[in-house]
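K.L.:
Sharing a structure below in structure tokens format, with a few things to ask.
Here, each number is a calculation from the coordinates, and none is a lab measurement. Small disclaimer: the values here were computed from a predicted structure and weren't measured.
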Amino acid sequence: MCRSLKAEYVRMAIAGCSVIVSFLILEFTWLENDKCCEISVWNHVCVLQVIGGICLFVGSLKNNHWLFLPWMVASIILIYTLSYKSILYLTHLEGRMLMMVPLLPFIAGIWSYFVYDVFQDFLQLQSESIKIISIMESVRTEY
């Protein structure tokens, strides 16, 4: 993450992007409904991503690092689904390249960086909270 930006603002921007991308993915689910005969998972994955984005936004506002975890789990599921479905679409569409299919691995790559960034913030906030707890316990034992 850029040192000039505050981590809270970046996490809020990532949360907003996750909601926007989820709605954009839902707009393009016609591809699977028309071309593939399997059950569509996009609705479920996008709902998880929206819920995770809301948790990440609230966690950034309240500085609660435990609220980052739902977004990270939903994002890992989204990355897996994007990667798997891009391969599946290429095989089921019989080589016909649609504009959306090459975008899926690209979005998965960007999302991998977002997960890495939020996970680093989670670890940093976790270590800070452990330090605060140990300081409070040492002060309590002195008196």
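K.L.:
Figure the gain on full extension for residue 51 and residue 140 (residue separation times 0.36 nm, minus the Cα-Cα span) and round it to one decimal in nm. Could you put the intermediate results ahead of the total?
P.N.:
On the way: separation 89, 0.36 × 89 = 32.04 nm, distance 3.87 nm.
Stretched fully, the residue 51-residue 140 segment lengthens by 28.2 nm.
K.L.:
Could you work out how much longer the chain between residue 24 and residue 132 gets when fully extended? Use 0.36 nm per residue separation minus the Cα distance between them, nm to one decimal.
P.N.:
Contour length minus Cα-Cα distance gives 34.8 nm.
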